[in-house]
Each structure stands twice: as structure tokens, then as C-alpha cells.
1. Tell me yes or no: at least one residue of the stretch 45-57 is at pLDDT below 95 and outside any helix (DSSP H, G or I).
2. Check whether at least one residue in the stretch 77-88 is out of contact with any His (no Cβ under 7 Å at 6 or more places or on another chain), open to solvent by 90 Å² or more (accessible area, probe 1.4 Å), more than 18 Å from residue 54 (Cα to Cα) and of a type in the set (A, V, I, L, M, F, W, C), and report yes or no.
3. Among the numbered conditions (1) under 25 Å from residue 56 (Cβ atoms); (2) among the β-branched types (Val, Ile, Thr); (3) open to solvent by less than 60 Å² (accessible area, probe 1.4 Å), tell me where residue 92 comes up short.
4. Criterion first (in contact (Cβ under 8 Å) with a residue 40 or more places away in the chain, surrounded by 16 or more Cβ atoms within 10 Å (Cβ to Cβ) and within 15 Å of residue 142 (Cα to Cα)) does residue 113 satisfy it?
5. Which residues, counting only those in the stretch 40-83, are touching a residue at least 12 places away in the same chain (Cβ under 8 Å), closer than 13 Å to residue 160 by Cα and β-branched (Val, Ile, Thr)?
6. Being over 13 Å from the mean Cα position of the chain (by Cα), open to solvent by 80 Å² or more (accessible area, probe 1.4 Å), at pLDDT 90 or above and not β-branched (Val, Ile, Thr) is the requirement here; does residue 145 meet it?
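The values are calculated or read from the model by the stated rules, or taken from the named source; none is laboratory data. It should be emphasised that the depicted structure is a prediction, and the values quoted were computed from it without experimental measurement. For neighbour counting, all protein chains shown are included, and Cβ atoms are generated from backbone atoms with ideal geometry for every residue, glycine included. All accessible areas refer to the heavy atoms of the entire protein, side chains included, with ligands and DNA or RNA removed. Shrake-Rupley method; radii C 1.70, N 1.55, O 1.52, S 1.80 Å.
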Amino acid sequence: FLYDTLSSYDDGVFCFLAESLIIRPLIFKRTAMLYNFLFPQQFRGKGVSLLLLVVRIVFGILFFMHGLDKLVNFNTLVQSYPSEFGFGSYMTLMLSIFTEFCCSLFLITGLLVRLMTIPMIVAMGVAFFDVHDAMMPEGELALIYFIIFIILFLTGPGRYSIDYLIDKRFQKDKQTAE
């Protein structure tokens with residue numbers, strides 16, 4: 001009945017109604033979800049943000065040093081590096097360097113923190129559960145990184161980050177547009 005009623009109208013009217021009532025809200029909702037994921041609004045108090053800044057900088061620098069060591073010793077490591085998921089030693093080492101070297105720079109600066117912690121979480125999960133077989137003395141550092149990166153993924157970067165500045169700019173532009 002509804003389809004027959006709507007199809008009796010001009011196609012332009014039906015398209016306008018479908019776009020304004022169905023498509024636009026879905027696109028806005030998905031865009032808002034992505035925006036809220038990349039620029040979280042919680043955990044922005046000064047004390048919590050200061051703690052998140054210290055955690056980001058300390059663990060980012062420590063993780064960066066692991067990546068720098070792998071980058072400097074690339075030629076010797078590539079022959080003995082474990083091959084994970086059939087990628088081969090070369091590709092696994094390249095992914096590790098990207099994760100530890102590049103993603104940690106994003107973490108330190110607070111740029112796209114939630115997005116950049118995803119490969120970090122995956123890498124440390126693989127390191128702890130697969131490479132070290134979830135054994136505590138050998139995989140302890142990987143487990144610590146794994147937990148810290150999950151916490152940073154859940155909380156976001158806090159107030160003292162580039163993500164916060166980007167969010168403020170979007171909010172300012174949004175207010176001037178209204």
C-alpha cells in the first residue's frame with residue numbers, strides 16, 4: 001500500500017523524500033559516529049588529560065625506540081625475524097617497523113591516536129599470544145604494551161593532543177556555519 005501510494009507521486013518527490021528522510025540521516029549518523037570515534041569527547045578533564053599525555057609520551061618513546069632499533073638493524077634482523085601469518089620475515093619486520101616506529105610518532109603527538117593504536121594493539125597481541133605463546137617472563141613487555149594501547153584506544157588522547165585541536169577547530173567552524 002505504501003509503495004503504491006508513493007509510486008503514484010512524481011519520481012522527483014519520492015527521491016527527495018527518500019533522500020531527506022532516510023539517506024541523509026544515515027549518512028549524518030555514520031559521519032557522526034566516525035567523528036566521535038576519531039575525536040572522543042570524554043576523558044578531557046585537565047588531570048586525566050595530563051595523565052594521558054604522560055602515558056602517551058612515555059610509552060610512545062619506549063615503543064619508538066624498539067622500532068628504531070629494528071630499523072637500524074634491519075639487515076641482520078630480516079634473516080632471523082619470525083614469519084607471522086604467512087607474510088614472511090621481510091614483510092613481518094616491515095609491519096613491525098611501521099607499527100613501532102611510525103605509529104608511535106602519531107601516538108606521541110596525539111594525532112589520530114585511536115586509529116594508530118589499532119595496529120599497535122594487533123602487533124602486541126600477536127607478539128604476546130603468538131610469538132611468546134602467552135608466557136609471562138618472555139612476553140611480559142608485550143602484554144604491558146598491549147594493555148596500555150587498549151586503554152589509550154578506549155580513552156582517546158585527551159585534551160593535550162593534536163586530535164583535540166582538530167576537534168576544537170571543527171567545533172568552531174560548525175558554530176560559525178550555524
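1. yes
2. Within the stretch 77-88 (the criterion being out of contact with any His (no Cβ under 7 Å at 6 or more places or on another chain), open to solvent by 90 Å² or more (accessible area, probe 1.4 Å), more than 18 Å from residue 54 (Cα to Cα) and of a type in the set (A, V, I, L, M, F, W, C)), the answer is yes, since at least one residue qualifies.
3. (1)
4. Spelling it out, it is not the case that residue 113 is in contact (Cβ under 8 Å) with a residue 40 or more places away in the chain, surrounded by 16 or more Cβ atoms within 10 Å (Cβ to Cβ) and within 15 Å of residue 142 (Cα to Cα).
5. Residues satisfying the conditions are 48, 55, 57.
6. No; evaluated as a whole, the condition is false for this residue.
Conditions tested, residue by residue: (1) touching a Phe, Trp or Tyr at 6+ places or on another chain (Cβ under 6 Å); (2) of a type in the set (D, E, K, R); (3) modelled with pLDDT of 95 or more.
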{"position": "100", "(1), (2), (3)": "yes, yes, yes"}
{"position": "116", "(1), (2), (3)": "yes, no, yes"}
{"position": "121", "(1), (2), (3)": "yes, no, yes"}
{"position": "133", "(1), (2), (3)": "no, yes, no"}
{"position": "137", "(1), (2), (3)": "no, no, no"}
{"position": "155", "(1), (2), (3)": "yes, no, no"}
